[in-house]
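Take a look at the structure set out below.
Coordinate-derived values only; no laboratory data. Model, not experiment: these values are computed from the prediction. Don't worry about glycine lacking a Cβ; one is built from the backbone with ideal geometry, like all the others, and counts go over all protein chains shown.
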Ligand SMILES: Cc1cc2nc3c(=O)[nH]c(=O)nc-3n(C[C@H](O)[C@H](O)[C@H](O)COP(=O)(O)OP(=O)(O)OC[C@H]3O[C@@H](n4cnc5c(N)ncnc54)[C@H](O)[C@@H]3O)c2cc1C
Ligand SMILES: Cc1cc2nc3c(=O)[nH]c(=O)nc-3n(C[C@H](O)[C@H](O)[C@H](O)COP(=O)(O)OP(=O)(O)OC[C@H]3O[C@@H](n4cnc5c(N)ncnc54)[C@H](O)[C@@H]3O)c2cc1C
């Protein structure tokens, strides 16, 4: 890795506030070993974006601490020099939340990656923020436990990033999002102080600061340790696949199942384009002539699963499934899931670029919204594949485009914006689990009024009065909102 | 069915201008819990009614003054329930007060607390601005989670005007079994069973008996009951026990006693929390009834009885305190809402 070199001097000049930056860099050099500082343009390239690669920016400097002390030191320095700081986990985020700040420090948390303790009795784990989501589940496996929130990116994404985004996964329908599986967070404030939120118990007295912090996108503090809940593995897991002639029928099945009071462990939906792309890619035997597929996972004791299996199959058939396939064994269940889990990369194979949206809507509106999306897709002349968490109404329309064709990216963004406002119009939200980041700033004033946005800004100031933590993301400034509204009405 | 939002907004706006302290009150059957506060009363009790209820979506939105008992009746008609099973305190507790005081029943370890079912709420802050956060959908990460922040805030950040809650289907079957056990043996059993994927919705130890409640589908409950063994408790006695536990009737402090609440890791040894009178939440919540005013242990909540101007919710670290004061300021710059109700310094 490159350490302080000539490039850094260039950066110092570019940044304008030469004195400040030079002093910061020299202080950081005192604090961190050479391997913990990345300064050259070349070595910083891998960090210039997160999973939403259309937004790119090189930071002033990238730091990779290995201890909590170092993290505290870095924040103290940024605070005293008034330099912005952007925390980063694995960089799999999909809203440009971890995109660096041109005049700021990028704080990479991946080397704080130890699982500190797994307590089998209480089914809890204490972890550092850089622990990968799947690594935790793997470590808990010998004790019959697992970590429930399982984003499709779980092989790479970190617990720190999960907490910052309140991430979910295919199993959060029954087991909740990150916020429902977290007991405690230790964070470093922008002043470099340690604060612990939550506790060892289930409900601590006083306002729920822990929940406020979850999903705060690196705007309020840096996670340096977390205590999470683990769950016992269910003795029996059963996966079903139902094929439909229309997305509306599949959507109705979802609403009907929920209405009957069945909460499956997972309930995912894919539309025709997603089905064909996935089948081409992983070849697991998805019916490619279907217009929609539902993948449903039931779990529990043998008795519970048997009871539900009958109800679910019947409900799906009643609402138009032309075919319900029940996985015979674990291998077949895995195969059925594999197509869903590989859906994003599969779509990546049929289009040079794709843009993933994340709106959430009431479950009863799924059919209506998918129909509307396909109309919008025709209007904009861009294909849209749908693969999503149907059970909780969390859509992931994937807009297919080619960035090398002039104007297609812009069209994709406009289509995406229309989809998000559509979600708000039917009583939903612009983001269910991916976060606002830089990407969805334009839609924030559509979802929230001035009073709510001002309240968010005052909350931000309560944690970070100098606006140094991940500035320009998550919460739009007053000026931004005024400009947005004048554009809409102008 | 009355919407008093405008009136409530006006009252707070006026108080903001005149810097008048306000005391938010709903059922007010429990004025002596938490810390004492004083001020012009803001009455939430008449701000009632269902704003929307979609049984097929399992989501309800109700005004804050709606009583838990009425809510339970309404949901029962559709075979649905509040997942966090809050106490209704003689039918008087309201949903707003329940969220503000973060009240959850015995199923807490398995079905989560108030925050786990709360999807959104309306809030009037200390400026008198009515705002909406969250919504009626299952997942929502736009903006900071102001909704869940209100759980346990005791009304110190704003008046909750309405709440949206995720519901669950009513259990089809229920069953309680008991075991004669010392606290030590019971704790071991609770820790073992809690991790077995059984349809357990309550595990408590009281006066030498371990109570295990099973709820769920017929076959699941029956097979779990066979697996656990123990002594079957009849329906009436079981209902009475869980009701009394939830409503805080099992341990009533006399005038010279204090009821303390301990919250911590469920595997903390019995000896670590001496003189425990009741174990709830499979070991994660313990209750101590003691004579005199000295806390038997550090970090306890002075739940009921004793000096209600003491720091009843326990001590907070200096950086936390500073942070909470800044958060309070962000919502209520003049400090007019339930001053001192949560902490003396807030
Ligand atoms: C193929 C693919 C599939 C995905 N599937 C899902 C899915 O199913 N569900 C889902 O919810 N998401 C999904 N995501 C999105 C993404 O993986 C999650 O948002 C994840 O939680 C990000 O974790 P990360 O470690 O990569 O964080 P980053 O992308 O590095 O950072 C995300 C945000 O967290 C902040 N942050 C990171 N670490 C810390 C810390 N220690 N302290 C404070 N702030 C911090 C950053 O500043 C940034 O704002 C998917 C992404 C991809 C690429
Ligand atoms: C620590 C503690 C222990 C308790 N133990 C018992 C017990 O053993 N037995 C018993 O009968 N009751 C008990 N209670 C009271 C009870 O749990 C709750 O207060 C009750 O569930 C709420 O109902 P309520 O409508 O009567 O609220 P109130 O008692 O009127 O108010 C409770 C709190 O919430 C605030 N509040 C009420 N409505 C709103 C609103 N709409 N927006 C914002 N804030 C609001 C109030 O200002 C107050 O701080 C206890 C409460 C606390 C805090």
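Tell me, rounded to the nearest percent, the portion of alpha carbon pairs in region B:199-339 spaced more than 25 Å apart. Roughly 45 percent, once rounded to a whole number. Counting other Cβ atoms within 10 Å as a rough exposure proxy, the listed residues A:404, B:164, B:156 run A:404, B:164, B:156 from fewest neighbours to most. The calculated FRET efficiency for the pair residue A:289 and residue B:249, based on their C-beta separation and a Förster distance of 60 Å, comes to about 0.45. Note on the protein assembly as shown: the alpha carbon radius of gyration divided by the globular reference 2.2 N^0.38 Å gives 0.93.
Could you calculate the contour length gain from residue A:156 to residue A:311, that is, 0.36 nm times the residue separation minus the distance between their Cα atoms, to one decimal place in nm?
Values: separation 155, 0.36 × 155 = 55.80 nm, distance 3.64 nm.
Here the segment from residue A:156 to residue A:311 would lengthen by 52.2 nm.
Per residue of A:417-430, count partner chain C-beta atoms within 10 Å of its C-beta, then hand back the mean as an integer. Don't skip to the end; give the middle numbers.
On the way: counts 0, 0, 0, 1, 0, 0, 1, 2, 0, 1, 4, 6, 11, 4.
Average neighbour count from other chains, rounded to a whole number: 2.
When the Cα gyration tensor is reduced to axis lengths a ≥ b ≥ c, the ratio a/c is 1.5 or higher for region B:102-211, and with a/b above b/c it is classed as prolate.
Here is the size of chain A from its Cα atoms: Rg then Dmax, 23.1, 71 Å.
The mean sequence separation of alpha-carbon pairs under 8 Å and at least six residues apart, normalised by the residue count of chain A, gives a relative contact order of 14 percent.
With a 10 Å cut-off around each Cβ of A:453-462, the average count of Cβ atoms from other chains is 6.
Each Cα pair under 8 Å and six or more residues apart adds its separation to the average, and for region A:353-425 the resulting relative contact order is 41 percent.
Pair-distance distribution P(r) for region A:282-409, from all Cα-Cα distances in 10 Å bins starting at 0: 10, 35, 36, 14, 4, 1 percent.
Along its first, second and third principal axes, ordered by size, region A:353-425 spans 38, 19, 16 Å in Cα coordinates. Across peptide A:118-124, the mean count of Cβ atoms from other chains lying within 10 Å of each residue's own Cβ comes to 5. Remark: spin-label model distance residue B:72-residue B:315 equals 3.9 nm, labels positioned 7 Å along the Cα→Cβ axis. For region A:115-232, the alpha carbon convex hull comes to 97 Å³ per residue, rounded to a whole number.
Roughly what % of DSSP beta bridges within chain A run antiparallel, to the nearest 5? Taking every DSSP beta bridge with both residues in chain A, the antiparallel ones total about 85 percent.
Shape summary: region A:236-344 maps onto an equivalent ellipsoid whose semi-axes, from the alpha-carbon gyration tensor, are 21, 17, 10 Å in decreasing order.
How much of the DSSP beta bridge set in region B:1-159 is antiparallel, as a percent to the nearest 5? All intermediate terms of the calculation are to be shown ahead of the outcome.
Details: 12 of 16 bridges.
Close to 75 percent.
Going from the fewest other Cβ atoms within 10 Å to the most, the residues A:384, A:324, B:273 appear in the order A:324, B:273, A:384. Rounded to the nearest 10 degrees, the angle from helix A:18-31 to the longest Cα principal axis of chain A is 80 degrees. Just so you know, the Rg over Rh for region B:1-138 is 0.97, from Cα atoms, with Rh as the Kirkwood radius. Counting only DSSP H runs of at least 4 residues, each contributing -39500 (n - 2.57), and dividing by the residue count of chain A, the helix-based mean residue ellipticity at 222 nm comes to -11500 deg cm²/dmol. Its DSSP H runs of at least 4 residues, each contributing -39,500 (n - 2.57), put the calculated 222 nm mean residue ellipticity of chain B at -7500 deg cm²/dmol, to the nearest 500. State log₁₀ I(q)/I(0) for region A:170-260 at q = 0.15, 0.18, 0.20, 0.25 Å⁻¹ as given by the Debye formula over alpha-carbon point scatterers of equal weight, solvent excluded. Calculated log10 I(q)/I(0) at the listed q: -0.75, -0.88, -0.98, -1.32. Taken over the Cα atoms of chain B, the convex hull encloses 138 Å³ per residue. The long axis of helix B:183-194 is offset from the longest Cα principal axis of chain B by roughly 80 degrees.
Relative to the longest principal axis of the Cα atoms of chain A, the long axis of helix A:272-282 makes an angle of roughly 80 degrees.
Give the percent of DSSP beta bridges with both residues in region A:64-167 that are antiparallel, rounded to the nearest 5.
Details: 5 of 9 bridges.
Just about 55 percent of them are antiparallel.
Across region B:118-253, the mean sequence separation of Cα contacts (distance under 8 Å, 6 or more residues apart), normalised by length, yields a relative contact order of 21 percent. Each peptide among A:76-84, A:143-151 gets the average number of other Cβ atoms lying within 10 Å of its residues, and from highest to lowest they stand as A:143-151, A:76-84.
For the pair residue A:371 and residue A:318, label points projected 7 Å from Cα toward Cβ lie 2.3 nm apart.
In a Gaussian network model over chain B where Cα atoms closer than 10 Å are linked, find which of B:186, B:272, B:244 has the largest mean-square fluctuation. Highest fluctuation of the listed residues: B:272.
Shape of region A:35-192 from its Cα gyration tensor (a ≥ b ≥ c, root eigenvalues): rounded if a/c is under 1.5, otherwise prolate when a/b > b/c, or oblate? Write down the numbers at each step before the final one.
On the way: a/c = 2.16, a/b = 1.61, b/c = 1.34.
Because a/c hits 1.5 or more and a/b exceeds b/c, region A:35-192 counts as prolate.
Pair-distance distribution of region A:449-489: all C-alpha pairs, bin width 5 Å, starting at 0; shares per bin in whole percent are 6, 22, 30, 22, 12, 6, 2. Distance between the pseudo-spin-label points of residue B:6 and residue B:329 (7 Å out from Cα toward the beta carbon): 3.6 nm.
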